[in-house]
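*Asks:* Structure below; questions to follow.
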Amino acid sequence: MTKKLAVLGSPIEHSLSPVIQLTALKSLGLEATFEKYEVSHLQSWLASHEGFDALSLTMPLKEQYLGIAKATDTFVDKALSANYLLMTQSGWVAHNTDVFGINQAIKHLQFKTVGVLGTGATARSALVALEGMEVKLWGRNQAALGDLTFKYSAISADIEKVLDCDLVISTLPADILPELVSTPRPGVLLDAVYSRPSPAGFEGYVSGIEMLIWQAIGQLRLLVNGSFQPFENEQVLYQQMKSSLELAE
């Protein structure tokens, strides 16, 4: 039976989710359609669109699972953010695979100090992924910054101290980060915004493409396996998904 899937958000035009997920589903031997929809209000969109097996969510929808999902996973509860809705017999279940995507993107790095830029849904997922570590946090929204430092035991720090960390995870919009990095920095940057060119100024760089692919693999585990059980030869699947992006350029 053909799976009916989609990615929702705004803006959505440049989303790469259909490319990587259809590549993976074909490799797994599953038939699926995967569309993208410009959506700002999730509940109203769902009222007029039926029959979907799963929905990937981007901004500004990651906090709109409330009142829609019949159940949530642990990472959703911790991050108050969902990037995946999976239809079950009892209704939609909200999942967060951003935490998994971030952990996979940074697992090969060695770092002692870490900072996060931003205070939105993806920043909360980053703080959950870094649970147990001392995290320096900077954001423009002072009210949200105060809430996050309390909830996640992060340390509010000025921008210079965050940028000087061994690892910097940026969840800032595309036009903000380049304005902040004016001098060379000693650490590695993971930029959650995969559509912007790698910024100059950091010793190392991890593209948000890594996070994108791994959070998608997390979603596919849930869709295909019904659990977070890894696929066999998952690294091969990762390489196929990454290659599909190069072909799509």
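The values are calculated or read from the model by the stated rules, or taken from the named source; none is laboratory data. Just so it is clear, the model here is predicted, and its values are computed rather than measured. When we count neighbours, we look across all protein chains shown, and the Cβ atoms used for this are built from the backbone with ideal geometry, even at glycine.
*Asks:* Quick check on segment 200-209. Is at least one of its residues under 22 Å from Ala82 (Cα atoms), in contact with a strand residue (DSSP E or B) (Cβ under 8 Å, 6 or more places away or on another chain) and not hydrophobic (A, V, I, L, M, F, W, C)?
*Replies:* Looking for residues that are under 22 Å from Ala82 (Cα atoms), in contact with a strand residue (DSSP E or B) (Cβ under 8 Å, 6 or more places away or on another chain) and not hydrophobic (A, V, I, L, M, F, W, C), one finds at least one in segment 200-209, hence yes.
*Asks:* Might you check whether a residue that is farther than 22 Å from Ala6 by Cβ, touching a residue at least 40 places away in the same chain (Cβ under 8 Å) and under 20 Å from the mean Cα position of the chain (by Cα) occurs anywhere in segment 70-78?
*Replies:* Yes, segment 70-78 contains at least one residue that is farther than 22 Å from Ala6 by Cβ, touching a residue at least 40 places away in the same chain (Cβ under 8 Å) and under 20 Å from the mean Cα position of the chain (by Cα).
*Asks:* Do we have Leu57 as over 23 Å from Asp191 (Cβ atoms), surrounded by 18 or more Cβ atoms within 10 Å (Cβ to Cβ), modelled with pLDDT of 95 or more and not assigned by TED's automatic domain parsing to the domain that holds Gly187 here?
*Replies:* No; evaluated as a whole, the condition is false for this residue.
*Asks:* Within segment 40-67, work out how many residues are in a loop (DSSP other than H, G, I, E, B), of a type in the set (A, V, I, L, M) and over 18 Å from the mean Cα position of the chain (by Cα).
*Replies:* 1
*Asks:* Among the residues of segment 93-114, is there at least one that is within 19 Å of Val7 (Cα to Cα) and either in contact with a His (Cβ under 7 Å, 6 or more places away or on another chain) or part of a loop (DSSP other than H, G, I, E, B) (or both)?
*Replies:* There is at least one residue in segment 93-114 that is within 19 Å of Val7 (Cα to Cα) and either in contact with a His (Cβ under 7 Å, 6 or more places away or on another chain) or part of a loop (DSSP other than H, G, I, E, B) (or both).
*Asks:* Going by what's in this entry, would Thr97 be described as out of contact with any helix residue (DSSP H, G or I) (no Cβ under 8 Å at 6 or more places or on another chain), among the hydroxyl-bearing types (Ser, Thr, Tyr), surrounded by 17 or more Cβ atoms within 10 Å (Cβ to Cβ) and touching a residue at least 12 places away in the same chain (Cβ under 8 Å)? Reasoning before the result, please.
*Replies:* Values: out of contact with any helix residue (DSSP H, G or I) (no Cβ under 8 Å at 6 or more places or on another chain): no; among the hydroxyl-bearing types (Ser, Thr, Tyr): yes; surrounded by 17 or more Cβ atoms within 10 Å (Cβ to Cβ): yes; touching a residue at least 12 places away in the same chain (Cβ under 8 Å): yes.
Criteria not met by Thr97.
*Asks:* Moving on to the next point. Somewhere in segment 18-39, is a residue among the charged types (D, E, K, R), more than 17 Å from Asp98 (Cα to Cα) and in contact (Cβ under 8 Å) with a residue 60 or more places away in the chain?
*Replies:* The answer is no, given that none of the residues of segment 18-39 is among the charged types (D, E, K, R), more than 17 Å from Asp98 (Cα to Cα) and in contact (Cβ under 8 Å) with a residue 60 or more places away in the chain.
*Asks:* Being small (Gly, Ala, Ser) and in a helix (DSSP H, G or I) is the filter; apply it to segment 216-238 and report the residue that is farthest from Leu25 (Cα to Cα).
*Replies:* The residue in question is Gly218.
*Asks:* So which residues in segment 13-27 are modelled with pLDDT of 95 or more, surrounded by fewer than 18 Cβ atoms within 10 Å (Cβ to Cβ) and either among the hydroxyl-bearing types (Ser, Thr, Tyr) or part of a loop (DSSP other than H, G, I, E, B) (or both), if there are any at all?
*Replies:* Hit for segment 13-27 is Ser27, nothing else.
*Asks:* Show me the helices (runs of 4 or more DSSP H) entirely contained within segment 133-206 in which 2 or more residues are modelled with pLDDT of 85 or more.
*Replies:* By residue number, 142-152, 159-163.
*Asks:* Starting from residues that are surrounded by 15 or more Cβ atoms within 10 Å (Cβ to Cβ) and of a type in the set (Val, Ile, Thr), keep the ones in segment 177-218 and report whichever is farthest from Ile20 (Cα to Cα).
*Replies:* Val181
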